[in-house]
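Structure first, commentary second.
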Amino acid sequence: GTVLLTGASGYIALHILDHALKRGYSVIGTVRSTEKGEQILKNLHEKYPETKSFDLTFEIVEDIAVENAFDGVIKKRGPQLDYVLHTASPFSFGFTTTYEEALLKPAINGTANILKAVKEYAPNVKKVVITSSLAAVLDMDKLEDKSHVLTEKCWNPIEVDQIKDPMNAYRCSKKLAEKTVWKFVEEEKPSFKVTTVLPPLVIGPQLFDSDAKKPVLNVSANKVNVLLQSKYTPEYESYKTMSFLGTDVRDIAEVHMIALEKPETDGQRLLSIAGIYGDQLILDLINDNFPQAKGKIAVGDPSQTQAILNTGPTYDISVTLALTGIKFITLEQSIIDAAAQILKVKPEI
Ligand code: NDP
């Protein structure tokens, strides 16, 4: 079958692309420029030198936020499409415009635009999988309340007029984008089925080693990168004793493929949490497993690791586990693999 993958150049999307090609799908990726598509093909050829050609083409969608952003591409390629994976959405915080322009519009309008275009111009699409987020679910006021259980049914309470900082704006953008999905399904009754995938903070290696060379990685993957260089910026200092819910990027890619393939997931939200980690755990794992980094990077306070992990929220994702059958890679493995990749390409660390 043929899959349209939006935001194909992203950290998570590249792993989805890798999984889809390995499973024999024909992939059409949307990227923001011709160069981005060419770079992906070049990197694939470098990673898989035995493969002569990849069943992969690109289309340009410069900005998913503008009205009818996907119409041109879907009018052109729509009749070929069997599946759509919509991952494109902003997850970066260096913006200088408003929260509305930088986060809310691309997340919400981008989602509305793809659904509308697929309904209109891609009559053979059976399934649309949309990348939502734990951010759509997390109620920050209840983080420390152990009796509050995070499940596939939860939604964060943040409304647009309560947004005060970039993280809240992101959480609101992801909630409203996912609400847009379920409202569309209810009101428009499209012929395709829909599943949403909700990852927590995604960690693990970049698909391409060359991407791990970048000084700053994608927000979630950057944690291991920063700690490996022990640039404990004030921002990171404040995270030192916090715990995070995480999942390996390769598993998140796998959940997207399962969502695409398994009809049991139709109409479901897949809250895909592998476990709890924290900066101290990352420091412990790097110090214990990489002699070349030991002595150069921070040690922190390893006696606190378990206590920090114990502060994590309570969650119950039994619905997702039963529907997907996935067994998650441990976060220890994920952190070690990410650190090994960065040390390989940045030996100067
Ligand atoms: P990346 O920033 O690596 O990927 C985002 C992708 O979306 C990039 O290809 C980016 O293109 C594209 N994009 C962003 N804004 C626009 C726009 N206005 N128009 C066109 N394309 C756009 O982040 P991730 O891989 O982490 O994120 C992918 C998805 O996963 C997002 O939906 C995100 O919300 C979600 N997610 C991520 C989590 C994480 O921890 N990483 C956790 C939970 C959910 P370009 O790079 O060219 O700007």
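The values are calculated or read from the model by the stated rules, or taken from the named source; none is laboratory data. The structure displayed is predicted, hence computed values, not measured ones. A quick note on method: Cβ atoms are made from the backbone with ideal geometry, for glycine too, and the neighbour counts reach across all protein chains shown.
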key: Test: residue in segment 106-120 that is modelled with pLDDT under 95 and either outside any strand (DSSP E or B) or more than 13 Å from Ile28 (Cβ to Cβ) (or both)   = no
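Based on what the data block shows, is Ala13 surrounded by 13 or more Cβ atoms within 10 Å (Cβ to Cβ) and assigned to a loop (DSSP other than H, G, I, E, B)?
Numbers: surrounded by 13 or more Cβ atoms within 10 Å (Cβ to Cβ): yes; assigned to a loop (DSSP other than H, G, I, E, B): no.
For Ala13, the condition - surrounded by 13 or more Cβ atoms within 10 Å (Cβ to Cβ) and assigned to a loop (DSSP other than H, G, I, E, B) - is not met.
Let's see how each residue does on (1) over 30 Å from Thr195 (Cα atoms); (2) crowded, with 22+ Cβ neighbours inside 10 Å; (3) more than 23 Å from the chain's Cα centre (by Cα):
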residue: Tyr277; (1), (2), (3): no, yes, no
residue: Ile282; (1), (2), (3): yes, yes, no
residue: Asn287; (1), (2), (3): yes, no, yes
residue: Gln306; (1), (2), (3): yes, no, yes
residue: Pro313; (1), (2), (3): no, no, no
residue: Ile326; (1), (2), (3): no, no, no
residue: Glu332; (1), (2), (3): no, no, no
residue: Ile335; (1), (2), (3): no, yes, no
request  = Using the structure shown, decide if Phe93 is part of a loop (DSSP other than H, G, I, E, B), more than 30 Å from Pro166 (Cβ to Cβ) and touching a residue at least 12 places away in the same chain (Cβ under 8 Å).
outcome  = no
message = For segment 240-260, give me each residue that is within 14 Å of the ligand (Cβ to nearest atom) and either in contact with a Lys or Arg (Cβ under 7 Å, 6 or more places away or on another chain) or more than 12 Å from Val202 (Cβ to Cβ) (or both).
response = Ala259
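So which of Val219, Val197 is at pLDDT below 95 and among the aliphatic types (A, V, I, L, M)? Outline the logic, then answer.
Values: Val197 fails: at pLDDT below 95.
Every option except Val219 fails the conditions.
Output the number of residues of segment 32-75 satisfying the condition of being assigned to a loop (DSSP other than H, G, I, E, B), aliphatic (A, V, I, L, M) and buried (at least 16 other Cβ atoms within 10 Å of the Cβ). Step through it out loud before you land on a result.
The initial filter retains those residues of segment 32-75 that are assigned to a loop (DSSP other than H, G, I, E, B), namely 32-33, 48-55, 61-70.
Next, from what is left, pick out any that are aliphatic (A, V, I, L, M): 61, 64-66, 69.
From what's left, buried (at least 16 other Cβ atoms within 10 Å of the Cβ): 61, 64-65, 69.
The total comes to 4.
Among the residues of segment 333-349, count how many are closer than 17 Å to Val216 by Cα and touching a strand residue (DSSP E or B) at 6+ places or on another chain (Cβ under 9 Å).
In the first step, residues of segment 333-349 are kept if they are closer than 17 Å to Val216 by Cα; the result is 335, 338-349.
Imposing the further condition that a residue be touching a strand residue (DSSP E or B) at 6+ places or on another chain (Cβ under 9 Å) reduces the set to 335, 338.
Here the count works out to 2.
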task = Just need a number here: residues in segment 125-142 that are more than 16 Å from the ligand (Cβ to nearest atom) and either exposed (fewer than 15 other Cβ atoms within 10 Å of the Cβ) or hydroxyl-bearing (Ser, Thr, Tyr) (or both).
result = 1
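How about segment 91-113: which of its residues are among the aliphatic types (A, V, I, L, M), more than 10 Å from the ligand (Cβ to nearest atom) and under 18 Å from the mean Cα position of the chain (by Cα)? So that I can check it myself, show each step before the final result.
Initial filter on segment 91-113 (among the aliphatic types (A, V, I, L, M)): 102-104, 107-108, 112.
In the following step, the residues that additionally are more than 10 Å from the ligand (Cβ to nearest atom) were identified as 104, 108, 112.
Leu104, Ile108 - these are the residues of segment 91-113 that are among the aliphatic types (A, V, I, L, M), more than 10 Å from the ligand (Cβ to nearest atom) and under 18 Å from the mean Cα position of the chain (by Cα).
For the condition touching a residue at least 24 places away in the same chain (Cβ under 8 Å), within 11 Å of the ligand (Cβ to nearest atom), buried (at least 18 other Cβ atoms within 10 Å of the Cβ) and not β-branched (Val, Ile, Thr), what is the one hit in Ala88, Ala20? Steps first, please.
Values: Ala20 fails: within 11 Å of the ligand (Cβ to nearest atom).
Answer to the selection: Ala88.
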note = Here the residues within segment 287-322 that are touching a residue at least 12 places away in the same chain (Cβ under 8 Å), assigned to a helix (DSSP H, G or I) and more than 30 Å from Thr131 (Cα to Cα) are Asn287, Asn289, Pro302, Gln304, Thr305
task = Inspect segment 34-55 for any residue being more than 18 Å from Leu207 (Cα to Cα), basic (Lys, Arg) and near the ligand (Cβ under 10 Å from one of its atoms) and give the result as yes or no.
result = no
query = Just to be sure, is Thr2 of a type in the set (S, T, N, Q), touching an Asp or Glu at 6+ places or on another chain (Cβ under 8 Å) and either at pLDDT 95 or above or within 15 Å of the ligand (Cβ to nearest atom) (or both)?
reply = yes
key: Residue ID - farthest from the ligand (Cβ to nearest atom), chosen from residues in segment 56-85 that are within 22 Å of His15 (Cα to Cα) and among the aromatic types (Phe, Trp, Tyr)   = Tyr83
